[in-house]
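The values are calculated or read from the model by the stated rules, or taken from the named source; none is laboratory data. Quantities reported herein were computed from a predicted structural model and do not represent experimental measurements. Cβ atoms come from the backbone with ideal geometry, glycine included; neighbour counts cover every protein chain shown. With ligands, DNA and RNA removed, areas are computed over all heavy atoms of the protein, side chains included. Shrake-Rupley method; radii C 1.70, N 1.55, O 1.52, S 1.80 Å.
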Amino acid sequence: MPAINWYPGHMAKTRRMLAENLKMIDVVVEVIDARAPLASRNPDFDDLFSGKARVVLLNKSDLADGNATKRWISSFNRSGIEAAGVSATGGSAKKTATALIEQAAKPRVAAMKAKGVNKVVRCMIVGIPNVGKSTLINRMAGETRAEVGDKPGVTRGKQWVRISPYLELMDTPGMLWPKLEDQTLAKHLAFLGSIKDEIMDTEELALELLLLLQSGVPAQLSERYGKLTADTPEEALLEAVCRSRGFLLRGGGFDTERAAHVVLDEFRAGKIARITLEQPEARV
Ligand SMILES: Nc1nc2c(ncn2[C@@H]2O[C@H](COP(=O)(O)OP(=O)(O)OP(=O)(O)O)[C@@H](O)[C@H]2O)c(=O)[nH]1
Ligand SMILES: [Mg+2]
């Protein structure tokens, strides 16, 4: 696959905006995707937010392998980072996120309390595109305040949302790694839908995903696409999806482009399998 280049001008603009707003922020909440905790963690944030209280939320944990998520949380904790698994579309995200934020804000809240002030905790919700930042904010607010969507780049500017008299969250646009030379991680971001599909070859991307799923979760893949088995050769994978779904072209042949879109969509929506693409043990 050719190198993926994705750092458009609005990312640099977002970075400046985050830096400018930082002084009023008590806690930075970094939302990552539990299916790819390595690729979905922007290393640029270490520079940007050094010195700030920071927590990590592994979102979409309903789509990831539960054991892997537990191991990732331990791994973050071992490096001194408070982390928790959540599902912003599910029930307990608010409670889990609030507890983590309160813990991180405790020293500042206590210091203000000593001066007789009940401090309003202000959090910046940051992360790469499409990880569920806005969905999490809506879940915590208990109503739809921020725009969400199943594609990257939905949130365009900052937006403050008040959760309680003492907690305010700032939604921010997704921000990708400034550059990512590791093509495996870049591919993971593409699989998750954090990079715009338009800049990639969809069939090539779906084929790579099918290969990965065929070796990782062959039974679930066959269950989803009946004509695709553990033995289907690489060159026949997309065709097998077409045969499973009846994606035929009018003049004959297979509509592999349609199959590619379907595979990516279904993977992203968690319909194929709960799978984590990166393991903490493999971290370098
Ligand atoms: N299954 C599942 N889907 C989720 C979860 N959180 C968010 N989503 C979905 O992920 C997609 C992206 O959600 P958004 O909240 O718009 O993501 P975002 O990080 O704000 O994205 P940008 O604003 O583009 O940076 C939407 O289709 C959500 O429904 C989750 O915990 N589980
Ligand atoms: Mg958003």
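Tabulated data
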quantity	calculated
Normalised alpha carbon radius of gyration of the chain [divisor 2.2 N^0.38 Å]	1.08
Surface per residue (accessible, 1.4 Å probe) for the chain, Å²	48
Selected from 241, 43, 200, residue furthest toward positive end of dipole (the chain; charges at beta carbon)	43
Structure-based [θ]222 nm, the chain - -39500 (n - 2.57) summed over DSSP H runs of at least 4, per residue, nearest 500	-12500 deg cm²/dmol
Protein accessible area in the range 75-157, 1.4 Å probe - carbon and sulfur %	49
DSSP bridge pairs, the range 9-171: antiparallel proportion in percent, nearest 5	20
Over the range 130-205, volume per residue of the alpha carbon convex hull, in Å³	105
Efficiency of FRET between residue 141 and residue 95 - r from beta-carbon atoms, R0 25 angstrom, step 0.05	0.95
FRET efficiency, residue 215 to residue 248 (Cβ-Cβ, R0 25 Å, nearest 0.05)	0.35
Rounded accessible area of residue 20 (nearest 10 Å², 1.4 Å probe)	120
Solvent-accessible area of residue 166 with every protein chain in place, 1.4 Å probe, in Å² to the nearest 10	110
The range 201-282, accessible surface, carbon-and-sulfur percent (1.4 angstrom probe)	46
Between helix 183-192 and the chain: long-axis angle, C-alpha atoms, 0 to 90°, nearest 10	90
